[in-house]
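Colleague: Structure below; questions to follow.
The values are calculated or read from the model by the stated rules, or taken from the named source; none is laboratory data. Computed from a predicted structure; not experimentally measured. Note: ideal-geometry Cβ built from the backbone for every residue, glycine included; neighbour counts use all protein chains shown. Heads up: the accessible areas ignore ligands, DNA and RNA and are worked out on the full protein's heavy atoms, side chains in. Shrake-Rupley method; radii C 1.70, N 1.55, O 1.52, S 1.80 Å.
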Amino acid sequence: MNESKEEVLVWGPMHPSLMQSLEENYCVHPRWEIADFRRWASLHGDAIRVVVTSAVHGADNGRLDQLSNLEAITSFGVGYDALDTTYLAARGIQLSNTPDVLNHSVAETALALMLCVSRRINEAERFVRAGKWQEARFPLGHDLHGKTCGIVGLGKIGKTVAKMVSAFNMSVAYYRPNGPYTDVPYTHYADLQALAAAADYLVVIVPGGAETRHLIDRSVMRALGPTSFLINVARGSVVDESALVAALLESEIGGAALDVFEDEPHVPVELLEMDNVVLLPHIGSGTHETRQAMADLVYANLKSWFEKQTLVTPVTL
Ligand code: 8YV
């Protein structure tokens, strides 16, 4: 029976329903169970036309090189900085991601982080659980309303954040080096430090990769200032993490709320000690509903490639 099924290489463990659909309809090779990839590729590599991976798993060029008939990669997640797009383009390999379906979940995570870091929610909960309420009053937090939310990356998720924080009566400003968008009512800054200086909350939601590496450096943190907060729901690479640790140790910023880190799942130990920092394990899109939608979209891309040689949500490489 398996002979008639297309063979698919799955790079790492995926959402259970996606794994199930893949296993029901294709001959699945789980890469993480392959001990000797070179040997496996010499036997099965030529049969692989499509690889399934995720924003987190990525795929390395060394192994992809051994899949001479690879036509497409369908990736779970909107970001694809874990893949070398120059390499894919050079080989003519198509790529799909899962845009749009996660906009609201990631924006909600950004909002949750803003609320948690400003109202000291996690710290307050630790205070109650530690039995400290009987002995002391919990210190005050800060409002969101009336403040300015600076958005670095006014893409689809950034725009969703902008709408949400507007409903919280915040002013919205954004950074875009090559001029303002004409279709949004928000305040534009071509200069990142100027945006940081104007912002009480700086929300980072640009794509990862070489172009944005350490975009948020110490100078941006200093411009943000001691009463303002940094929120990162983009990629760990966008923020210079050692500069962030230093800025927090020197009280140059008020606090930070982070869903992503430079070397996940490792978090700098200094951050673990800080009460004005909120730390999440990369759960921006991590809801049942959204992950299901992402899984469905990966599957739709894969199916469409095998049936029609087109992708539903292709990335322009
Ligand atoms: C991951 C993400 O896809 O969409 C992205 O770019 O980083 C996440 O949604 C998710 O963690 C599963 O890999």
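Colleague: Enter the accessible area per residue of the stretch 103-279 (Å², integer; probe 1.4 Å; all protein chains in place).
Modeller: 49 Å²
Colleague: Name the GluC sites (Glu not before Pro) in the stretch 123-177 that are in a loop by DSSP and that have at most 10 other C-beta atoms within 10 Å, would you?
Modeller: The qualifying sites are 135.
Colleague: Also: State the percent of C-alpha pairs, over all pairs in the stretch 103-279, separated by a distance greater than 21 angstrom.
Modeller: The calculated P(r) of the stretch 103-279 puts 45 percent of pairs beyond 21 Å.
Colleague: Across 10 Å bins from the origin, how do the percents of Cα pairs in the chain run, short distances first?
Modeller: For the chain, the pair-distance distribution reads 6, 25, 29, 21, 14, 5, 1.
Colleague: Which net charge results when you count Lys and Arg as +1 and Asp and Glu as -1 among the other residues whose beta-carbon is under 13 Å from that of residue 94?
Modeller: +2
Colleague: Arrange the residues 105, 219 by how much accessible surface each exposes, largest first, with a 1.4 angstrom probe.
Modeller: 219, 105
Colleague: If R₀ is 22 angstrom, what is the calculated FRET efficiency for the pair residue 300 and residue 91, using the beta carbon separation as r and rounding to 0.05?
Modeller: With R0 = 22 Å, the Cβ-Cβ based efficiency is 0.40.
Colleague: Follow-up question, since we're still on this one. Can you put 280, 272 in order of accessible area, largest first, using a 1.4 Å probe?
Modeller: From most exposed to least exposed: 272, 280.
Colleague: Among 281, 196, 251, pick out the residue whose Cα is farthest towards the positive end of the charge dipole of the chain, where Lys and Arg carry +1 and Asp and Glu carry -1 on C-beta, about the Cα centre.
Modeller: About the Cα centre, the residue reaching furthest to the positive side is 196.
Colleague: Using a cut-off of 30 Å between alpha-carbon atoms, which lysines can reach residue 5, once sequence neighbours fewer than 8 places away in the same chain are excluded?
Modeller: 303, 308
Colleague: Moving on to the next point. How much of the DSSP beta bridge set in the chain is antiparallel, as a percent to the nearest 5?
Modeller: Restricted to the chain, the bridges split so that about 5 percent are antiparallel.
Colleague: Determine the shape class of the stretch 13-124: with a ≥ b ≥ c the square roots of the Cα gyration tensor eigenvalues, call it rounded for a/c under 1.5, and otherwise prolate if a/b is greater than b/c, oblate otherwise.
Modeller: Verdict is prolate for the stretch 13-124.
Colleague: Among 148, 212, 53, determine the one that fluctuates most according to a GNM of the chain built with springs between C-alpha atoms less than 10 Å apart.
Modeller: 212
Colleague: Can I ask one more? Restricting the count to DSSP beta bridges whose residues both fall in the stretch 103-279, what percent are antiparallel, rounded to a multiple of 5?
Modeller: Once the DSSP bridges in the stretch 103-279 are tallied, antiparallel ones form about 5 percent.
Colleague: For the chain, modelled as a Gaussian network with Cα springs under 10 Å, which listed residue fluctuates most, 267, 278, 184?
Modeller: Of 267, 278, 184, the Gaussian network model singles out 184 as fluctuating most.
Colleague: Is there a quick way to get the dipole size of the chain? I mean about its Cα centre, with the Cβ of Lys and Arg at +1 and of Asp and Glu at -1; what is the value in debye to the nearest 20?
Modeller: 580 debye
Colleague: Hey, another quick one. Protein chains only, probe 1.4 Å: how do 40, 32, 133 rank by accessible area, largest first?
Modeller: Ranking 40, 32, 133 by accessible area, largest first, yields 133, 32, 40.
Colleague: Moving to a separate point now. Take the chain, connect every pair of alpha-carbon atoms lying under 10 Å apart with a spring to form a Gaussian network, then pick out the residue of 210, 112, 223 with the largest mean-square fluctuation.
Modeller: 210
Colleague: Placing unit charges on C-beta atoms (Lys and Arg positive, Asp and Glu negative, everything else neutral), compute the dipole magnitude of the stretch 34-101 about its Cα centre in debye, rounded to 20.
Modeller: 200 debye
Colleague: Using a 1.4 Å probe over the heavy atoms of the protein chains, calculate the carbon and sulfur portion of the accessible area of the stretch 103-279 as a whole percent.
Modeller: Here it works out to 51 percent.
Colleague: Calculate the length of the line joining the C-alpha centroid of the stretch 155-230 to that of the stretch 125-153, in whole Å.
Modeller: For the stretch 155-230 versus the stretch 125-153, the Cα centre distance is 22 Å.
Colleague: In the full protein assembly as shown, how much of residue 188 is accessible to a 1.4 Å probe, in Å² to the nearest 10?
Modeller: For residue 188, solvent-accessible area is about 50 Å².
Colleague: Then there's this: Can you tell which of 45, 293, 242 lies farthest toward the positive end of the dipole of the chain, using +1 and -1 charges on the Cβ of basic and acidic side chains (Lys, Arg; Asp, Glu)?
Modeller: 293
Colleague: Can you give me the distance in nm between label points at residue 5 and residue 20, each placed 7 Å from the Cα along the Cα-to-Cβ direction?
Modeller: For the pair residue 5/residue 20, the computed spacing is 1.5 nm.
Colleague: Taking residue 156 as the anchor, which lysines have their alpha carbon closer than 25 Å to its alpha carbon, excluding any fewer than eight residues away along the same chain?
Modeller: 147
Colleague: If you don't mind, another one. Given the -39500 (n - 2.57) contribution per DSSP H run of 4+ residues, what per-residue ellipticity at 222 nm results for the chain, rounded to the nearest 500 deg cm²/dmol?
Modeller: Computed mean residue ellipticity for the chain: -10500 deg cm²/dmol.
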